[in-house]
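One structure is given below, encoded as structure tokens.
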Amino acid sequence: MEEVREQEVAQVQEREIGMQQKHRQHIYKNIEKLIRITDYNVIMTETVRRGLLSPVMRRNIEVLQFMGQYQNEEEVQLDRSRKYFEKITKRGPTAYAELKAILRSLKYIEALRILEEIDPPNNEFVSLSRAHSNKSTDIVDNRVSEPPDDQPSVSRQVLHNDADGPLKPFVGELSGQNRQVIKSTRIHTDNVLGAYTMKSKHNRGVLFIVNIIDFPDPGKKRNGADIDSESLIHIFREIGFTTFYYKNLNQTEFFKTLHELTNSDYVRDTECFVMVLMTHGERIEEVDKVIFSDNSVINVKTIINHFQPGSCPHLLHKPKVLIFPFCRGETPDHGKYLTHSLNMRMTSLRIQTDGMPFDNVPTLSDILVCYATMPGFQTHRDPDEGSWYIQKFCDTMAEHAHDTSLEDILKKTQALVGNMRTRHGHLQMGAYDNLGFNKKLYFNPGFTD
């Protein structure tokens, strides 16, 4: 029943919005060349994985009506490949650009060159045609001008901490326009759940920002990412946080700095800890991974596990907010699937054994893990204005942090981002995981007891 429904929805979508006529005609004109220089099984597998075609559509294509008993395997594959390209022409106005991205990722250069005869790079689908191999990327999909310069302008050359230097707060000046953060008139709490303590004048919180912009492959440079750092630093300064800001760390530098900071007096005395790790991400076999400046890759779970009580005793019972605004896969979100964020509730138990009471604490508690997108999907970043998720988060913090809990701020952020669309109709929906984050977190900017 679900398969029938999916086919019906797909057919309606195809009728309502079609591929541009010039693109459709170009595919049909060159279809015999395309099917002979590509491998059906390889290209179909990648297309389904990216979501341009569904598994049901693949099965429909592979149900062939044999013309005769002497049809051989080569003819079967050619027929399937022909049906594949015909189907692509019915998948909407973005399908041509997405097909080019698929061909590029599979290194079908000759086939890609055929499509670019009518739709060359840096034209209307510039961003998707720059997709690279099998790594996910922050999609720059809402600007049609020339790619940004390799070097930031002088106004964006914001200083940052040195990973090899002593641990010290970032006090550099920020450029660009800053948001006005509304200040609180009282310390907020919740009569049902309670609230984390957030009232200190000098130790309200610690913000740890790591922004990885440059990679060994220049094509992976995260243009516009500096804007996100500036926005976050300004917002949390206004709230009263002490900031530690690092750029382009390799994996060793990251964990060395994280360990040093979370075991420092800054964190021992703080009421709250917020970490933002901005970089490229990917998802392999349902596991989220992040990439550091040396191209090394590690599981996101390894980073989260650092915040166990044994590794991070200074943050026991304190709110820990981990913000991961990177991709969690390569698939553009077409809005076909409805998914929900997972809230995992954990409780601390008091256990009594043989009359000897003792306290234990959960392996992970008081942690909120914030993602810019759902598992498997890409994120979006504008080289002039920064990433969708971080910029909307900063907008919401400035307007609502004075009287709204963090989880409600995240919901508002997700709603704002969910209303945005790229030129190709792609969207993005954030999510967060609650790991024993059982109280409300109010930042109470500008107010102390």
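Residues in region 425-449 that are touching a Gly at 6+ places or on another chain (Cβ under 9 Å) and either part of a helix (DSSP H, G or I) or not hydrophobic (A, V, I, L, M, F, W, C) (or both): GLY425, HIS426, GLN428, GLY430, ASN438, LYS439, LYS440, ASN444, PRO445, GLY446, THR448.
Listed conditions (1) at pLDDT below 95; (2) crowded, with 20+ Cβ neighbours inside 10 Å are all met by LYS440, apart from (1).
Restricting the search to helices (runs of 4 or more DSSP H) fully inside region 210-304 and requiring at least 2 residues that are more than 23 Å from VAL181 (Cβ to Cβ) gives 251-262, 265-269.
For region 130-141, the criterion of being at pLDDT below 90, part of a helix (DSSP H, G or I) and either surrounded by fewer than 19 Cβ atoms within 10 Å (Cβ to Cβ) or of a type outside the set (Val, Ile, Thr) (or both) is met by no residue. Of the helices (runs of 4 or more DSSP H) that lie entirely inside region 63-129, those containing 2 or more residues that are at pLDDT 85 or above and under 20 Å from THR422 (Cα atoms) span 95-105.
Matching residues to (1) at pLDDT below 90; (2) surrounded by fewer than 22 Cβ atoms within 10 Å (Cβ to Cβ); (3) aromatic (Phe, Trp, Tyr):
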{"residue": "LYS183", "(1), (2), (3)": "no, yes, no"}
{"residue": "ARG186", "(1), (2), (3)": "no, yes, no"}
{"residue": "VAL206", "(1), (2), (3)": "no, no, no"}
{"residue": "ILE212", "(1), (2), (3)": "no, no, no"}
{"residue": "GLY219", "(1), (2), (3)": "yes, yes, no"}
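Restricting region 375-388 to residues that are crowded, with 19+ Cβ neighbours inside 10 Å and in a loop (DSSP other than H, G, I, E, B), the residue that is modelled with the lowest pLDDT is GLY376.
Name the single residue, out of those in region 316-329 being under 10 Å from the mean Cα position of the chain (by Cα) and part of a loop (DSSP other than H, G, I, E, B), that is modelled with the lowest pLDDT. Once the filter is applied, the top-ranked residue is GLY329. The sole residue among ILE239, ILE227, ILE182 that is within 19 Å of LYS392 (Cβ to Cβ), touching a strand residue (DSSP E or B) at 6+ places or on another chain (Cβ under 6 Å) and not small (Gly, Ala, Ser) is ILE227.
The values are calculated or read from the model by the stated rules, or taken from the named source; none is laboratory data. In this text, all values refer to a predicted model and were calculated from it rather than measured experimentally. Please note: Cβ atoms are built from the backbone with ideal geometry, for glycine as well, and neighbour counts cover all protein chains shown.
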